[in-house]
1. Within the stretch 1-109, which trypsin sites (Lys or Arg not before Pro) sit in a loop by DSSP and count at most 10 neighbouring Cβ atoms inside 10 Å?
2. Pop a pseudo-label 7 angstrom from the Cα along the beta-carbon direction at both Lys235 and Arg174 and give the gap in nm to one decimal.
3. If r is the Cβ-Cβ distance from Ile65 to Ala242 and R0 is 41 Å, what FRET efficiency results, to the nearest 0.05?
4. Does the stretch 107-206 classify as rounded, prolate or oblate by the C-alpha gyration tensor (a ≥ b ≥ c root eigenvalues; a/c under 1.5 gives rounded; else a/b over b/c gives prolate, otherwise oblate)?
5. Quick check: residue separation of Thr149 and Met227 times 0.36 nm, minus the Cα distance between them. What number comes out in nm?
6. Just one of (1) 18.3; (2) 16.2; (3) 21.6 is mean projected area of the Cα convex hull in nm² calculated from these coordinates, so which is it?
7. Expected output is a single nm value to one decimal: the length gained when fully extending between Lys159 and Leu101, i.e. 0.36 nm times separation in residues minus the C-alpha distance. What is it?
8. Which entries of Lys216/Lys286; Lys2/Lys27; Lys111/Lys183 have Cα-Cα distances beyond 18 Å here?
Amino acid sequence: MKPFLQPALLAPPPALEISDAEYLELKRAKPILGAAFSFEENYDLLVGNYLELENSALSITAASIARQRFDYQDMFELKADMNRWAVNFLSSARLFVDQLLQRVVQCGGNKDEVKRVLSEEYDGCFEYRFMEALRNHVQHSGSAVHSLTVGGRWFPPGKKLRNEFSLGVMTLRRHLALDDSFKKKVLSECPDEVDLLGATRRYLESLSAIHEFARKNVENSVNEARMSFEAAIEKYVNFSGASSQSLTAFASSERDPSSQVAVFLDRDDVRIMLSNRNRNLKNLSKCVISSVAS
C-alpha cells in the first residue's frame, strides 16, 4: 500500500492515499518546523529574562521612593535579586547563541551567513564582548552585580518641580580583574564602572539584530514546510469531510511508529505568535522608561 493520510484514532475516518513524494515532503517538513519553533522559543526566553531584569530594577526604584533608604541587609538582598536576574538573562543569551547555528541548519538556512553576522556584532560592539565575558565570569568565578546606587535628582535644576529616581546597577572593573580567566582584551576595554543595565540593552539589541537576520535567512524554507502541512490538512479535510485532528502521514499499512509524521499546525501557530510579538529591538539601548506624562 502506498503512503496515506489518516487520523491516528481508534475509529478513524477513511485513509487518503498520497504519493511517495507527498509523504517524503511531509517527513522533511516536520523537523524544519520543530527547529523553527525552538529558534523562536529561545529568543522569547531571552526577551522574557530581559524583561524580568528590567522589571526588578523598576520595582527597586519605586520602593526607594517610599522607603527613602535601604540598610545593609536590604541592599544585600536587592543586589542578590539583581544578580539572579542578570544570571538568568546571561544564561538564556548563551542558550540562544549556542543553539542558533544548529537551528539555522535544521531549518535549511545558510549557517555561514549567520555566523558572519554573529562575528560582526561581536567585533563591532563592546557591550557584546563584555556581556559574553561576563557570562563566563559568573558561571565560573563571581557575580555580575557589584554595586547598586539608588537616588533622586530634582528637575529642572534650581526649581525642584520633579524628583526623578533611578537605579544604578554597576559591574566594577576591579572585581573582574581578580578573575584570572576574565578575557584580558575585554578587561582592557572596560571603564572602572560598567552600567550593567545599559550593557544588557545594547547586547540584546545586537542579539535581536542577529535573530532578525537568521529569521529572514530561514524564512523561505520554513514557509515551504508550513505550506506542505497546510496542503496536506486541506487535502484530507476536503477528501473526508472530517476533522484533521490527530492527522498522521503513514508510510505503509504496517504503521511503523518511526515512519509516522504527525501533521498538525498548533505548535507552528505558536511559533508565528512568538515571531509577531518579538520583533527586532532597534535602538533599545537608547530607550528610557519613565512614568512622567508626556
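Every number in this text was worked out from the coordinates using simple rules, so none of it is lab data. Just so it is clear, the structure is predicted and the values come from calculations on it, not from any experiment. Virtual Cβ from ideal backbone geometry, glycine too; neighbours counted across all protein chains shown.
1. Of the trypsin sites (Lys or Arg not before Pro), the ones in loops of the stretch 1-109 whose Cβ has at most 10 other Cβ atoms within 10 Å are Arg69.
2. About 7.1 nm separates the two model spin labels.
3. FRET efficiency, Ile65 to Ala242: 0.10.
4. It comes out oblate by the Cα gyration axes.
5. Stretched out fully, the Thr149 to Met227 stretch lengthens by 22.8 nm.
6. Label (3) holds the value from this structure.
7. Stretched fully, the Lys159-Leu101 segment lengthens by 15.4 nm.
8. Exceeds cut-off: Lys216/Lys286; Lys111/Lys183.
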